[in-house]
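J.: Following this message is one structure expressed as structure tokens.
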Amino acid sequence: MTQKASHWADQTAEKIIRERGDLDIYTCASGITPSGTVHIGNFREIISVDLVVRALRDRGKNVRFIYSWDDYDVFRKVPLNMPKPEELETYLRFPITMVPDTSGRDENYARRHERDIEMILPVVGIHPEFLYQSQRYQAGLYAEGMRRALENRDKLKEILNRYRDDEHKIEGEYWPIAAFCDNCHRDTTEIESWDGEWGVTYQCSSCGHRETQDIRTARGIKLGWRVDWPMRWAYEKTLFEPAGKDHHSQGGSFDTARHVSEEIYEWPAPVTFRYDFIGTKGLPGKMSSSGGKVIGLAEVLRIYQPEVVRYLFAGTRPNTEFSISFDLDVIKIYEDYDKTERIAWGVEQVKKEELFEKERRIYELSQIGEMPERMPYQIPFRHLCNLLQTNSGDIDAVIHALGDIGADREPRFRTRCTCAWNWITECAPEDFRFALRKSGDTPVNLGAPEKTGIRKIYEQILPVMDNIDEKKLSELIYGVAEEAGLEPKALFTAVYQALIGKDQGPRLASFMKIIGRERLASILSVYAE
């Protein structure tokens, strides 16, 4: 399948092929330390790799997508949002796989955070091969890599010092490895010596334990991360891995890793790009980051359907900072996605072929799997919100009212309805929300002219509203205002008060059509007596 390079993921794929040639397999990598909740900013790296993986596969390439859990790292700090923080405090300086999951759900602290992500990534169509670094180190897979680092520790020291000023240069003896004490499990150890083969001696400053271990069988010895990262590039034959802008700063960790990879492990550093930070906008109180609450993929998927989540990233270049909105901008984001969908399906025309190609590709990469067989069902997101609120969140009632969705398009539409209802109830501003009053509710207190206006709507307009369009309905409402001696705005306010107990709401003629003649009659009948 030939793909045009109209999208940044395709351009990156072509760069990888151009620089590395035609290979049997292309390894693309991502990873993180599961030291706390994996937030939506971390997800940017995962999906950026996934998009490039898809672009490579679309070019017929065999791709290995690996995701490394750096769960052999040190537990340095207790996050604010973890249960039983006092208990966790006692495990500081342990490897995070030896820290308990104080929620009681998983076998350890690291696994809790790993599992949260592993369970939700398939929802957005991402299926990497997960690598657990604690297991790989303890299985002896990196013994050769550690030994090579020890053999080249003076060279490594020189590489790490290249970009450091005098104040931060490594002085004295440098060891590229670190050890967790076999007695107290903390990393409060100092390497004392290496025998030139496989034996490393360390002493723990916390408990005084001292021993010599064989790095081929040791369960607590690993490389420092600035050497560990490039060592694994060489071990896994990694061809592509992006990094955040903090790692990609001039003289930053990616620069040093590149030299370590090429000069010590004789593996060219992977093709890369810098991705920028992600913010959040309009968070409601319950999703606020205060108190240690972190916004992860699960929270975003409560508001955005999976395809729209992918669209947010596929439609934005990785080196562009942006915010994921939870306020009224949610409406615009859904509208933007729907426009891209219409362009991709040829329902909405664009003048330039390049724009069509770009929008079509963004849409393809936004899908969870293959393109659907026909264009998904669309109604404007704001209109959907009005339908849901009019029906008190009853999705079945909305589907029944629309009537023309079709069984093949219903699952995706239901997902969108669920997200829209979550947004309405959890995030939308108060003046956007409403609940339809019920027949038999105590009527609101209205003046005589307003009551007259509503009575005329009940008697003159409701009987004919099924046979007229919104424009004609609106004209009739204005006519009633004039007959009742009211300013149109005053009549609108009275009708909104009667229907939803607020001074304003959705565009009135459209809103009345959504509610329907029968329900309008049951609500307004008390004002016609």
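The values are calculated or read from the model by the stated rules, or taken from the named source; none is laboratory data. Note that the coordinates shown come from a computational prediction; the quantities given were computed from them, not determined experimentally. Quick reminder, even Gly has a Cβ in these numbers, built from the backbone with ideal geometry, and neighbours come from all protein chains shown.
J.: Residue check: is Thr212 over 24 Å from Glu158 (Cα atoms), touching a residue at least 12 places away in the same chain (Cβ under 8 Å), part of a loop (DSSP other than H, G, I, E, B) and polar (S, T, N, Q)? Outline the logic, then answer.
T.: On the way: over 24 Å from Glu158 (Cα atoms): yes; touching a residue at least 12 places away in the same chain (Cβ under 8 Å): yes; part of a loop (DSSP other than H, G, I, E, B): no; polar (S, T, N, Q): yes.
For Thr212, the condition - over 24 Å from Glu158 (Cα atoms), touching a residue at least 12 places away in the same chain (Cβ under 8 Å), part of a loop (DSSP other than H, G, I, E, B) and polar (S, T, N, Q) - is not met.
J.: Also, I was wondering about something else. Being in contact (Cβ under 8 Å) with a residue 12 or more places away in the chain and surrounded by fewer than 15 Cβ atoms within 10 Å (Cβ to Cβ) narrows it down to one residue among Thr452, Thr425; which is it?
T.: Among Thr452, Thr425, only Thr425 is in contact (Cβ under 8 Å) with a residue 12 or more places away in the chain and surrounded by fewer than 15 Cβ atoms within 10 Å (Cβ to Cβ).
J.: Is at least one residue of the range 484-492 within 21 Å of Cys385 (Cα to Cα), at pLDDT 95 or above and either in a helix (DSSP H, G or I) or outside the structural domain of Gly453 (by TED's automatic domain parsing) (or both)?
T.: yes
J.: Here is a follow-up. Out of all the residues in the range 219-232, which are within 21 Å of Arg93 (Cα to Cα), among the hydrophobic types (A, V, I, L, M, F, W, C), touching a residue at least 40 places away in the same chain (Cβ under 8 Å) and not in a strand (DSSP E or B)?
T.: Trp225, Val227, listed by residue number.
J.: Could you tell me whether the range 400-419 includes any residue that is part of a helix (DSSP H, G or I), in contact (Cβ under 8 Å) with a residue 24 or more places away in the chain and in contact with a Gly (Cβ under 6 Å, 6 or more places away or on another chain)?
T.: no
J.: Something else about it: If a residue counts only when it is in contact with a Phe, Trp or Tyr (Cβ under 7 Å, 6 or more places away or on another chain) and not aliphatic (A, V, I, L, M), which helices (runs of 4 or more DSSP H) contained entirely in the range 250-359 have at least 1 such residues?
T.: 253-263, 306-314, 329-344
J.: Residues in the range 459-489 that are closer than 22 Å to Ser522 by Cα, within 48 Å of the chain's Cα centre (by Cα) and surrounded by 15 or more Cβ atoms within 10 Å (Cβ to Cβ): how many?
T.: The qualifying residues number 9.
J.: Related question: What's the total number of residues in the range 67-104 that are β-branched (Val, Ile, Thr) and in a loop (DSSP other than H, G, I, E, B)?
T.: 4
J.: I've got another one for you. Before we move on, is Thr27 of a type in the set (Ser, Thr, Tyr), part of a helix (DSSP H, G or I), over 19 Å from Glu114 (Cα atoms) and out of contact with any Cys (no Cβ under 7 Å at 6 or more places or on another chain)?
T.: no
J.: Considering only the range 14-34, state which residues are touching a Leu at 6+ places or on another chain (Cβ under 8 Å) and within 13 Å of Pro128 (Cα to Cα).
T.: Across the range 14-34, the qualifying residues are Thr27, Cys28, Gly31.
J.: Would you pick out the residues in the range 1-19 that are basic (Lys, Arg), loosely packed, with under 15 Cβ neighbours inside 10 Å and modelled with pLDDT of 95 or more?
T.: Selection gives Arg18 alone.
J.: Yes or no: the range 71-85 includes at least one residue that is closer than 17 Å to Phe180 by Cα, in contact with a Pro (Cβ under 9 Å, 6 or more places away or on another chain) and without any contact (Cβ under 8 Å) to a residue 40 or more places away in the chain.
T.: Within the range 71-85, not a single residue is closer than 17 Å to Phe180 by Cα, in contact with a Pro (Cβ under 9 Å, 6 or more places away or on another chain) and without any contact (Cβ under 8 Å) to a residue 40 or more places away in the chain.
J.: Scan the range 199-220 and give yes if some residue there is at pLDDT 95 or above, charged (D, E, K, R) and under 29 Å from Phe254 (Cα atoms), otherwise no.
T.: Within the range 199-220 (the criterion being at pLDDT 95 or above, charged (D, E, K, R) and under 29 Å from Phe254 (Cα atoms)), the answer is yes, since at least one residue qualifies.
J.: Confirm whether Arg93 is at pLDDT 95 or above, of a type in the set (Lys, Arg) and closer than 20 Å to Lys222 by Cα.
T.: Answer is yes for this residue.
J.: Just for the range 313-354: of the residues that are in contact with a strand residue (DSSP E or B) (Cβ under 6 Å, 6 or more places away or on another chain) and buried (at least 20 other Cβ atoms within 10 Å of the Cβ), which one is farthest from Pro284 (Cα to Cα)?
T.: That would be Pro318.
J.: OK, next. Checking the condition buried (at least 17 other Cβ atoms within 10 Å of the Cβ), in a helix (DSSP H, G or I) and more than 16 Å from the chain's Cα centre (by Cα), which residue from Leu56, Leu51 passes? Give the steps one after another, and end with the answer.
T.: On the way: Leu51 fails: more than 16 Å from the chain's Cα centre (by Cα).
The unique qualifying residue is Leu56.
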